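Asker: Sharing a structure with you now.
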Amino acid sequence: MVSSLIKTSKSEEIFSAAQKLMPGGVSSPVRAFKSVGGQPVVFDRVEGAYAYDVDGNRYIDYIGTWGPAICGHANPQVIGALRDALGKGTSFGAPSALENVLAEMVIDAVPSVEMVRFVNSGTEACMSVLRLMRAFTGREKIVKFEGCYHGHADMFLVKAGSGVATLGLPDSPGVPKSATSSTLTAPYNDLEAVKKLFAENPGEIAGVILEPVVGNSGFIVPDAGFLEGLRELTKEDGSLLVFDEVMTGFRIAYGGAQEKFGVTPDLTTMGKVIGGGLPVGAYGGRADIMNMVAPAGPMYQAGTLSGNPLAMTAGIETLKILQQPGTYEQLDRITKKLSQGLLNVAKETGHVACGGQLSAMFGLFFTEGPVHSFDDAKKSDTEKFAKFHRGMLEQGIYLAPSQYEAGFTSLAHTDADIDATLVAAREVLSNIK
């Protein structure tokens with residue numbers, strides 16, 4: 001553990017220079033710490049459960065590069081395989097046997113997937129699966145949920161209204177109304193709102209897409225019957241159900257949230273874990289739907305770096321590790337200890353909080369709760385979270401820099417890491433009013 005007075009001079013210097021070179025000084029917005037205040041620390045290296053910044057501070061890391069590092073950072077087995085693969089080149093732009101290996105592993109693991117297409121990011125996977133939904137059904141409208149994030153493609157950047165369900169309007173400058181005019185929105189966990197949308201748009205909805213467990217509004221689990229209700233509703237209407245498992249795939253369970261909850265969608269998007277820390281995404285599902293994708297079918301989608309040998313190698317080795325007996329039991333145990341410990345510490349120090357975990361994913365809200373939707377999450381005390389985040393950072397604990405992001409654990413986290421985290425949380429919360 002570093003002391004509470006961490007050194008940040010090098011981070012400040014580098015970030016100051018970055019702001020003149022890149023918008024906001026970052027390559028992705030949340031990294032700038034706008035939601036929590038203060039300047040971000042600049043990483044130098046990562047290993048196991050830890051991140052090290054350019055000033056020499058060590059942090060227990062609960063972001064794990066936003067999910068992929070489920071085996072721990074720089075896992076020796078993954079790194080060793082990557083070194084071997086590097087000797088053969090970084091990209092082929094041609095078929096590779098490694099694609100077959102990872103494809104078979106994904107198909108064997110994920111209940112909905114009979115065929116899979118590899119891409120380079122979660123955004124690309126979701127953008128492609130939306131086109132596929134429309135191509136297969138011949139319909140244009142889709143339903144998404146407030147607080148569920150499916151990448152930054154135009155049609156997904158939709159602001160959900162304050163009513164039960166509204167027609168989506170663009171949530172970012174540069175997104176034309178035409179791009180989101182066919183996007184319908186509803187509150188997460190509100191099945192009746194979705195039924196109303198289907199009733200108001202008979203035979204016009206191509207499908208429903210959602211995070212089966214939300215990680216982009218904080219950590220929110222589906223209510224009993226919600227996923228099952230969506231499955232029944234879409235089947236009856238002849239539309240498609242899509243689980244965005246970019247975050248939950250191979251993290252909630254080896255077969256993803258669909259295995260955990262026993263609900264099989266028609267299509268699934270994936271990423272994060274199956275790249276083992278390298279850029280990757282994928283979408284897959286029923287063979288009759290996937291055969292619409294070029295060159296097997298007329299729906300066009302392509303990518304020069306898709307299925308590149310490095311990403312495939314890292315994904316294969318990561319899944320090999322996750323297949324080992326006891327893996328998910330360990331992830332669940334260590335994460336449950338962390339999540340329950342944080343709730344206990346909050347209560348003991350006089351703070352109202354709620355949260356929970358599933359396998360290697362967790363969340364904490366500074367609100368009474370329970371949190372069933374993004375509207376519930378927005379009742380959280382974000383100022384308190386900002387103070388908590390900064391205090392934990394100064395104690396050597398690296399949490400997601402937003403109240404509305406889930407946290408992640410890995411196989412590299414130990415009981416000692418959890419104990420140290422809870423000691424830090426007690427000290428920080430004891431000094432927050």
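The values are calculated or read from the model by the stated rules, or taken from the named source; none is laboratory data. The shown structure was predicted, so the numbers you read here are calculated from the model rather than taken from an experiment. Cβ: placed from backbone, ideal geometry, glycine included. Neighbour counts: every protein chain shown. With ligands, DNA and RNA removed, areas are computed over all heavy atoms of the protein, side chains included. Shrake-Rupley method; radii C 1.70, N 1.55, O 1.52, S 1.80 Å.
Asker: How far apart, in nanometres, would the label points at Q39 and D288 be if each is projected 7 angstrom from Cα along the Cα-to-Cβ direction?
Answerer: Label-label distance for Q39 and D288, simple model: 5.9 nm.
Asker: Using only the heavy atoms of the protein chains and a 1.4 Å probe, how would I79, I6 rank by accessible area, largest first?
Answerer: Accessible-area ranking of I79, I6, largest first: I79, I6.
Asker: Taking R0 as 30 Å, what's the FRET efficiency between N431 and A74 from their Cβ-Cβ distance, rounded to 0.05?
Answerer: According to the calculation, E is roughly 0.30.
Asker: Can you give the Rg/Rh ratio of the chain, where Rg is from the C-alpha atoms and Rh is the Kirkwood radius?
Answerer: Here Rg/Rh amounts to 0.96.
Asker: Taking the Cα centre of the chain as origin, work out the dipole magnitude from +1 charges on Lys and Arg Cβ and -1 charges on Asp and Glu Cβ, in debye rounded to 20.
Answerer: With Lys and Arg at +1 and Asp and Glu at -1, about 700 debye.
Asker: Here is a follow-up. For the pairs K144/K387; K177/K260; K34/K433; K141/K195; K235/K336; K7/K336, note any where the Cα-Cα span goes beyond 25 Å.
Answerer: Going by Cα-Cα distance, K144/K387; K177/K260; K235/K336; K7/K336 fall outside the 25 Å limit.
Asker: If R₀ is 35 angstrom, what is the calculated FRET efficiency for the pair S181 and D375, using the beta carbon separation as r and rounding to 0.05?
Answerer: Once rounded, the FRET efficiency stands at 0.90.
Asker: Could you tell me whether region 42-177 comes out rounded, prolate or oblate from its Cα gyration tensor? Rule is a ≥ b ≥ c as square roots of the eigenvalues, rounded for a/c under 1.5, then prolate if a/b exceeds b/c, otherwise oblate.
Answerer: oblate
Asker: Please compute the modelled spin-label separation between E47 and K196, points set 7 Å along Cα→Cβ, answer in nm with one decimal.
Answerer: According to this spin-label approximation, the distance is 5.6 nm.
Asker: Tell me the label-point distance for the pair K7, V423, using the 7 Å Cα-to-Cβ offset, in nm and rounded to one decimal.
Answerer: For the pair K7/V423, the computed spacing is 2.3 nm.
Asker: Summing Lys, Arg as +1 and Asp, Glu as -1, what charge do residues with Cβ under 10 Å from the Cβ of P212 carry, P212 excluded?
Answerer: Taking every Cβ under 10 Å from that of P212, the sum is -2.
Asker: What net charge is computed for the residues neighbouring I14, neighbours being all others with C-beta under 15 Å from the C-beta of I14, Lys and Arg scored +1, Asp and Glu -1?
Answerer: Once positives and negatives cancel, what remains is 0.
Asker: Using just the helices of the chain, give the 222 nm mean residue ellipticity in deg cm²/dmol: DSSP H runs with n ≥ 4 each add -39,500 (n - 2.57), and the total is spread over all residues, rounded to 500.
Answerer: Theoretical 222 nm ellipticity from helices: -11000 deg cm²/dmol.
Asker: On a full-extension model of 0.36 nm per residue, what is the gain between R83 and R333, subtracting their alpha-carbon distance, rounded to one decimal in nm?
Answerer: So the extension gain works out to 86.8 nm.
Asker: For E124, E104, give the ranking by accessible area with the largest first, probe 1.4 Å.
Answerer: So, going from the largest accessible area down, we get E104, E124.
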